[in-house]
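Here is the structure we will look at, set down as C-alpha cells.
The values are calculated or read from the model by the stated rules, or taken from the named source; none is laboratory data. Everything numeric in this text was worked out from a predicted model, so none of it was measured. Because the Cβ atoms are built from the backbone with ideal geometry, glycine has one as well, and the counts that use them run over all protein chains shown.
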Amino acid sequence: MCDAPGKRIPGGGTEKRSLWERSDGQGGNVVAAMEREKKTVTPEQAYARMTRICARKEYAPFEIRQKLQRLQLPADVIETLISRLIKERYIDERRFTESYIRDKLQFNKWGRRKIELHLAMKKIPPAVISDAFAQFSESQLNESLQTLLEKKRRSITGRSDYERNGKLIRYALGKGFPMEAIIRCLEKMDIKSYPHDPQ
C-alpha cells in the first residue's frame, strides 16, 4: 500500500504512515475510492464483456442481469443493456431453456422435475419452460432413468427387498423423475414397483 506523506518527528526524519492511518481518518475511504475508480466500467465496456460471455455459452437474462449488477451499473443502464442483448439475440430465453434441458438430461442425468425447479430459480417463465419441454419426447426425458437405477441397484444395501426398493425409488425421485416413470422402469427391470411391507 502507498505511504502517506511523512510526519516530522523529534530528532529529525519522518514517520511514514499508511493511508489507513492518516490523521484525517479518511484513509480507508481514499483507498476504497481508488479501488472503485479502478474498477469502474462504462456501459459500452459492460456490453462488450457480456457479448463475449454470451458468445461462449447460453445464459438466462437473470444470470446476465446478476453479472451486470456486480459491475455496479445503475439499474436503468442494466435494463437497457439487457434489452439490447436480447434484441441482438445474444440472449434468448427460449434458446437458453432448450439448451439447459438438453445438457441436464445428457450430462447430469436429471429428470424433468429437477430441471424445472432449477429453471424456475433462473426466473424462466413457466410457459417458456413448458414450451421447451414440448420439444423433447417422453423417452428422451426418461432415457437415463434405467441406467441410473441399474447402477444404484448395484451399490445400495438394505436388510430386505422392501428397504432396497424404497431406496431406489427415493433416489430416482431425488433426481427429478416422476413416480409413474420410475414405476414403469422398475417393472421393466423386473423389480416390484412399490415397496411392500415385509409383514
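Looking only at region 109-137, count every residue that is in a helix (DSSP H, G or I) and free of Cβ contacts under 8 Å to residues at least 12 places away in the same chain and tell me the total. Steps first, please.
So in region 109-137, the residues in a helix (DSSP H, G or I) come out as 112-121, 126-133.
This time we only want the ones that are free of Cβ contacts under 8 Å to residues at least 12 places away in the same chain, so: 120-121, 126-127, 130.
Total meeting the criteria: 5.
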Review point. What do you reckon, is R94 out of contact with any Cys (no Cβ under 7 Å at 6 or more places or on another chain) and without any contact (Cβ under 8 Å) to a residue 24 or more places away in the chain?
Key: no
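Check region 88-108 and report whether any residue there is in contact with a His (Cβ under 7 Å, 6 or more places away or on another chain) and either part of a helix (DSSP H, G or I) or not assigned by TED's automatic domain parsing to the domain that holds R65 (or both). Before the answer, list the steps.
Here is the first cut: in region 88-108, the residues in contact with a His (Cβ under 7 Å, 6 or more places away or on another chain) are none.
No - not one qualifying residue is present in region 88-108.
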Review point. P74 fails exactly one of the following numbered conditions: (1) farther than 18 Å from K122 by Cβ; (2) surrounded by 14 or more Cβ atoms within 10 Å (Cβ to Cβ). What is the number of that condition?
Key: (2)
Revision key, fill the gap. Just one listed residue, out of R164, R159, is at pLDDT below 95, buried (at least 16 other Cβ atoms within 10 Å of the Cβ) and outside the structural domain of R65 (by TED's automatic domain parsing), and it is R164
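Got at least one residue in region 53-66 being modelled with pLDDT of 55 or more and among the aromatic types (F, W, Y)? Before the answer, list the steps.
Step one: of region 53-66, the residues modelled with pLDDT of 55 or more are 53-66.
Next cut, among the aromatic types (F, W, Y) only: 59, 62.
Yes, there is a match, as at least one residue in region 53-66 is modelled with pLDDT of 55 or more and among the aromatic types (F, W, Y).
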Check your understanding: Which one of S130, S144 is out of contact with any strand residue (DSSP E or B) (no Cβ under 7 Å at 6 or more places or on another chain), modelled with pLDDT under 95 and polar (S, T, N, Q)?
Key -> S144
